[in-house]
1. Out of all the residues in segment 194-204, is one or more surrounded by 14 or more Cβ atoms within 10 Å (Cβ to Cβ), touching a helix residue (DSSP H, G or I) at 6+ places or on another chain (Cβ under 6 Å) and either without any contact (Cβ under 8 Å) to a residue 24 or more places away in the chain or not in a loop (DSSP other than H, G, I, E, B) (or both)?
2. Suppose we filter 48, 61, 55 for residues that are touching a helix residue (DSSP H, G or I) at 6+ places or on another chain (Cβ under 8 Å) and either surrounded by 14 or more Cβ atoms within 10 Å (Cβ to Cβ) or farther than 30 Å from residue 120 by Cα (or both); which single one remains?
3. Listed residues 277, 242; which is buried (at least 17 other Cβ atoms within 10 Å of the Cβ) and more than 30 Å from residue 126 (Cβ to Cβ)?
4. Please find, within segment 169-193, the residue that is nearest to residue 251 (Cα to Cα) out of those that are in contact with a strand residue (DSSP E or B) (Cβ under 6 Å, 6 or more places away or on another chain) and surrounded by fewer than 18 Cβ atoms within 10 Å (Cβ to Cβ).
5. Mind listing whichever residues of segment 11-45 are within 26 Å of residue 255 (Cα to Cα) and surrounded by fewer than 16 Cβ atoms within 10 Å (Cβ to Cβ)?
6. Quick one: count up the residues across segment 91-102 that are over 15 Å from residue 203 (Cα atoms) and either in a helix (DSSP H, G or I) or without any contact (Cβ under 8 Å) to a residue 40 or more places away in the chain (or both).
7. From the list 180, 147, which one is over 30 Å from residue 48 (Cβ atoms), in the same structural domain as residue 56 (by TED's automatic domain parsing), modelled with pLDDT of 90 or more and assigned to a strand (DSSP E or B)?
């Protein structure tokens, strides 16, 4: 039936053209944004997973920054310990030289004093971002002997977990203002002279060549040597922690890359596929326009019946 009220062919052609235009618009969006799933309406499940994983990846980026901050803090403390070891070695060398009978210990003591001041300076200036692990005050309200570095972020279902690397600075500190329990300010008392001293405060200027004084001097040398041993152990422990932090930094970086690849698999558009689809839809659009034009000519053909 030929009708001027209802053009079935035109309606069919228009419906087909609209579907093609909708598909073309979706494909152009994929190409312009680079995403196959750009919003929840594209694929709610994939969009939800990708959004959650992007959030976790952002948290891992913060973890990586925290690891970098922790590594720098450890590195500063490690550098300070190494410098303190060298200065303490120099003090021991001076004490060994002073052990020789007849040596003027009054002239050696000023050198020792300057080295002791250098030790204090090393402890006070080994600071990074307000953190000082070498010179502390254990009586302070905010003091915590267990220093932690954020090292990981993980999600299991709806639960999240924050991992940390803990450093016990009790065995690392050189000075403790509260109770002199650091490596360099911890005290000993000479057996014969009854003089209380530490590596930081020892004074040999009053010692003579008497047997008792020489024995006390040897005791001081042994105490200083023990301080060097403790600092060497502390530096080795910090080095091990720093190595772990570096390994964790590498792991977090690799993990972030893996998560990004996983997200891309879910939501990224395949440009080879989209470009092929775009060309096909452009052809369909042109054909649809021609089909609609032909269908609209039907009403004009009806006029010829009345001529």
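The values are calculated or read from the model by the stated rules, or taken from the named source; none is laboratory data. None of the values given here were measured: they were computed from a predicted structure. In this analysis, Cβ positions are derived from the backbone assuming ideal geometry, glycine residues included, and neighbour counts consider all displayed protein chains.
1. No, because not a single residue in segment 194-204 is surrounded by 14 or more Cβ atoms within 10 Å (Cβ to Cβ), touching a helix residue (DSSP H, G or I) at 6+ places or on another chain (Cβ under 6 Å) and either without any contact (Cβ under 8 Å) to a residue 24 or more places away in the chain or not in a loop (DSSP other than H, G, I, E, B) (or both).
2. On the way: 48 fails: touching a helix residue (DSSP H, G or I) at 6+ places or on another chain (Cβ under 8 Å); 55 fails: touching a helix residue (DSSP H, G or I) at 6+ places or on another chain (Cβ under 8 Å).
Answer to the selection: 61.
3. Values: 242 fails: more than 30 Å from residue 126 (Cβ to Cβ).
Checking each option against the conditions leaves just 277.
4. Selected residue: 187.
5. Of all residues in segment 11-45, those within 26 Å of residue 255 (Cα to Cα) come to 33-40, 43-45.
33, 34, 39, 40, 44, 45 - these are the residues of segment 11-45 that are within 26 Å of residue 255 (Cα to Cα) and surrounded by fewer than 16 Cβ atoms within 10 Å (Cβ to Cβ).
6. Here is the first cut: in segment 91-102, the residues over 15 Å from residue 203 (Cα atoms) are 100-102.
Next, from what is left, pick out any that are either in a helix (DSSP H, G or I) or without any contact (Cβ under 8 Å) to a residue 40 or more places away in the chain (or both): 100.
So the count comes out to 1.
7. On the way: 180 fails: assigned to a strand (DSSP E or B).
Every option except 147 fails the conditions.
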